[in-house]
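First the structure, in the form of structure tokens, and then the observations on it.
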Amino acid sequence: MNIFEWAKDIEKVYQQLIEKARKENTLELQVFKEQQENILKELLKKNHDLVNLSLESLSEDVTNGVRSYEAQFDEALKLIEKDYQKNKSELISEIISKLGFKF
């Protein structure tokens, strides 16, 4: 009968060891999961910051491009106006001539 009690004691210790290992592994897995989640959160934050920085840079580039285009357009309009004023009398004479009005 002693052998059976000894076998039961071994089985009980075995079950305790399995339960202890299961708890430790569960705890280690939980810690590992939390670490990985923190790493992922940090990576996502860095990516988000990078995207925001890129968008800000792109916005500045577009704004500067629009301002440059507007300045060039204004300059072109001024040149057209200046050229028109310079040649206004000639243009009027030519238009009247082409329309067939002779005064």
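The values are calculated or read from the model by the stated rules, or taken from the named source; none is laboratory data. Computed from a prediction, not measured in an experiment: that's the story for all the values here. Note that we place each Cβ from the backbone using ideal geometry, even for glycine, and neighbour counts take in every protein chain shown.
Out of curiosity, is I3 at negative phi, among the β-branched types (V, I, T) and surrounded by 10 or more Cβ atoms within 10 Å (Cβ to Cβ)? Explain how you work it out, then say what you get.
Working: at negative phi: yes; among the β-branched types (V, I, T): yes; surrounded by 10 or more Cβ atoms within 10 Å (Cβ to Cβ): no.
Here the answer is no, as I3 does not meet what is asked.
Could you tell me whether any residue of the stretch 22-41 is acidic (D, E) and modelled with pLDDT of 95 or more? Quick ask: steps written out before the conclusion?
Start the filter on the stretch 22-41 by keeping residues that are acidic (D, E), which leaves 24, 28, 34, 37.
Within this subset, residues satisfying the condition of being modelled with pLDDT of 95 or more are 34, 37.
Checking the stretch 22-41: at least one residue is acidic (D, E) and modelled with pLDDT of 95 or more.
What residue, among those in the stretch 50-103 that are part of a helix (DSSP H, G or I) and of a type in the set (F, W, Y), is modelled with the lowest pLDDT? Reasoning before the result, please.
Let us first name the residues in the stretch 50-103 that are part of a helix (DSSP H, G or I), namely 50-99.
Next cut, of a type in the set (F, W, Y) only: 69, 73, 84.
Values: Y69: 97, F73: 97, Y84: 90.
Going through the qualifying residues, I end up with Y84.
From the list S68, S54, S89, which residue is among the polar types (S, T, N, Q) and within 15 Å of the chain's Cα centre (by Cα)? First the steps, then the outcome.
Working: S68 fails: within 15 Å of the chain's Cα centre (by Cα); S89 fails: within 15 Å of the chain's Cα centre (by Cα).
Answer to the check: S54.
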